[in-house]
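**Student:** The structure's right below; bear with me while I get my questions together.
Read-outs throughout are calculated quantities, based only on the coordinates presented, and are distinct from any laboratory measurement. Not measured: the values here are computed from a predicted model. All Cβ positions, glycine included, derive from the backbone under ideal geometry; neighbour counts span all protein chains shown.
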């Protein structure tokens, strides 16, 4: 990693915004690359780098000299990446639970699944799905029943795959909120 000049470093420590911007320019590419390597997520590395620098500015007074700045930033970036990975793991677990729930609740034969004897939850989900507009119901069915990916769904509804994924995320959130209104949230999120 490059080393910021001593003057810019001390000015950044004092809160000078121009010097802090120079610090970001000096280390941004390396911090983003480091975060992308740790998280395997190129799209999130910009946001994570921004979070790294914001945290660094709050603690910059702890760094003794410009030569230590790179190691300091890597330490913060590592912590930011770990937090991101923990959040992503939790979101993935919840999403998988929801996907399995959707697949089995919307299928004709769900008698073998752990939630199948919970009529209230199944009823709440069915009610919430029924309340959706027809296009949204179709998109959910194509994704969770017929296992179409976002590209295939996008071709059917003339949307880009990213837009389909964003719509599916909004639909899942909408269904979660709807179910929570008619069902105890700790059981649903459990």
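**Student:** Per q in 0.13, 0.17, 0.19 Å⁻¹, report the Debye log10 I(q)/I(0) for segment 6-89, using one uniform scatterer on each alpha carbon and no solvent.
**Tutor:** Log10 of I(q)/I(0), two decimals: -0.38, -0.62, -0.76.
**Student:** Can you figure out the FRET efficiency of residue 127 with residue 88, using R₀ = 25 Å and their beta-carbon distance, to the nearest 0.05?
**Tutor:** Calculated value: 0.25.
**Student:** If you don't mind, another one. How much FRET efficiency would the formula 1/(1 + (r/R0)^6) give for residue 147 and residue 78, where r is the Cβ-Cβ distance and R0 is 45 Å, rounded to 0.05?
**Tutor:** According to the calculation, E is roughly 0.75.
**Student:** Say each of residue 137 and residue 173 gets a label point 7 Å from the Cα, pointing the same way as Cα to Cβ; how far apart are those two points in nm?
**Tutor:** Simple spin-label model gives 2.4 nm for this pair.
**Student:** Separate question: Using 0.36 nm per residue of separation minus the Cα-Cα distance, give me the extension gain between residue 58 and residue 7 in nm, one decimal. Please report the intermediate quantities before stating the final value.
**Tutor:** On the way: separation 51, 0.36 × 51 = 18.36 nm, distance 1.86 nm.
Full extension of this stretch gives 16.5 nm more.
**Student:** Now for a different question. If each residue's Cβ is checked for other Cβ atoms within 10 Å, how do 43, 84 rank with the fewest at the top?
**Tutor:** 43, 84
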